[in-house]
Amino acid sequence: MGARVMGILNVTPDSFSDGGRYLDRAAAIARGHQMIAEGADVIDVGGESTRPGAAEVDAALEVARVVPVVEALAPHIRVSVDTRKAEVAEAAIAAGATMVNDISTTLADLAASLGVGYVVMHMQGEPATMQEAPSYGDVVTEVLEFCCEHAEAARAAGCTEVWIDPGIGFGKTTAHNLALLGCLDRFVSSGWPVLVGASRKRFLGELLGRSDGTGIVGPSDRVEGSVTVATWGMAHGVQMVRAHDVRAAVHAARIVGDDGGRPPVRLPAEVSS
Ligand code: HH2
């Protein structure tokens, strides 16, 4: 089976990759069913972009975007809600979501009291300004300590399912992202289940653009890079990847296999014999 895949479904006009594609409710629900068919384990429904520079969305608008989609998909698959707002998380849970993906690390008490899973993600600053001047002493140690402290606090608050996520691209330069990805085994060794979301992010466009001299490549040209990073993560024991391209991520998870792909990556019997 391998690592789990969390499919990304942004019901927003402005998300950096799928913005505007699923703002229409029917289109969002159809995409959700497509991701189910592609093998997603969880669908992460968001009603507010948190891309660099994004402004906050009013809670009522976010609820109106997210709730009907959660309601339609929750009978068919596990749904998580990607939000920073208690009001939105509560409404999504009432509609069937069983996980809170909280980039602001403020909703642990709520997740505990409603008995749902909780994701602790690291972010330096706020989306509106986080990419202006990200700065760390030792990025890996600082992000890992942040994740573990918040995960402990969430557990102390009563959460029984807590994930940690280094927050690729959230107040981080390309060098910071690469340092974190290079040390995922330290996150895995913490004992908390690790989620990584690098899908189609800008640093991939920078790395690809640099190598062929054409500048930063756009989100739709970052699919293979996303699968590469997801595979890397799974091979280092990451237990869930957040992905726009669900089919590709599911295939990667199947190839890497059950044991987190501890090297060497497993081979099917017929290939290894
Ligand atoms: N990345 C994004 C949003 N939510 N949650 C977790 N746990 N980890 C991530 O890396 C993460 C996240 C940003 O990606 P996306 O949802 O595609 O874009 P946008 O914020 O523009 O809607």
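The values are calculated or read from the model by the stated rules, or taken from the named source; none is laboratory data. Small disclaimer: the values here were computed from a predicted structure and weren't measured. Note that we place each Cβ from the backbone using ideal geometry, even for glycine, and neighbour counts take in every protein chain shown.
Structure notes:
- Among the residues making up region 96-106, a single one is in contact with a helix residue (DSSP H, G or I) (Cβ under 7 Å, 6 or more places away or on another chain) and without any contact (Cβ under 8 Å) to a residue 24 or more places away in the chain: Val100.
- Any hit, region 80-87, residues being modelled with pLDDT under 95 and basic (Lys, Arg): no
- For Leu73: the one exception among (1) more than 13 Å from the ligand (Cβ to nearest atom); (2) surrounded by fewer than 22 Cβ atoms within 10 Å (Cβ to Cβ): (2)
- Members of region 45-55 that are surrounded by fewer than 24 Cβ atoms within 10 Å (Cβ to Cβ) and under 19 Å from the mean Cα position of the chain (by Cα): Ser49, Arg51, Pro52, Gly53, Ala54
- Scanning region 116-138 for residues that are within 14 Å of the ligand (Cβ to nearest atom) and either of a type in the set (D, E, K, R) or part of a helix (DSSP H, G or I) (or both) yields one hit, Glu126.
- Of all residues in region 47-62 being more than 12 Å from Arg84 (Cα to Cα), touching a residue at least 40 places away in the same chain (Cβ under 8 Å) and not small (Gly, Ala, Ser), the one that is nearest to the ligand (Cβ to nearest atom): Arg51
- Pairs meeting the criteria (first residue in region 9-20 and under 16 Å from Leu61 (Cα atoms) and near the ligand (Cβ under 6 Å from one of its atoms), second residue among the β-branched types (Val, Ile, Thr) and part of a loop (DSSP other than H, G, I, E, B), beta carbons under 8 Å, at least 6 apart or on different chains) are Thr12/Val57.
- Among (1) assigned to a loop (DSSP other than H, G, I, E, B); (2) within 11 Å of the ligand (Cβ to nearest atom); (3) among the β-branched types (Val, Ile, Thr), the one test that Thr106 misses: (2)
- Evaluated against (1) out of contact with any strand residue (DSSP E or B) (no Cβ under 8 Å at 6 or more places or on another chain); (2) assigned to a loop (DSSP other than H, G, I, E, B), Ser113 falls short on exactly one condition, (2).
- Residue in region 86-106 that is surrounded by 21 or more Cβ atoms within 10 Å (Cβ to Cβ), touching a His at 6+ places or on another chain (Cβ under 6 Å) and either charged (D, E, K, R) or within 21 Å of Gln239 (Cα to Cα) (or both) present: yes
- Some residue of region 23-39 being within 11 Å of the ligand (Cβ to nearest atom) and not basic (Lys, Arg): no
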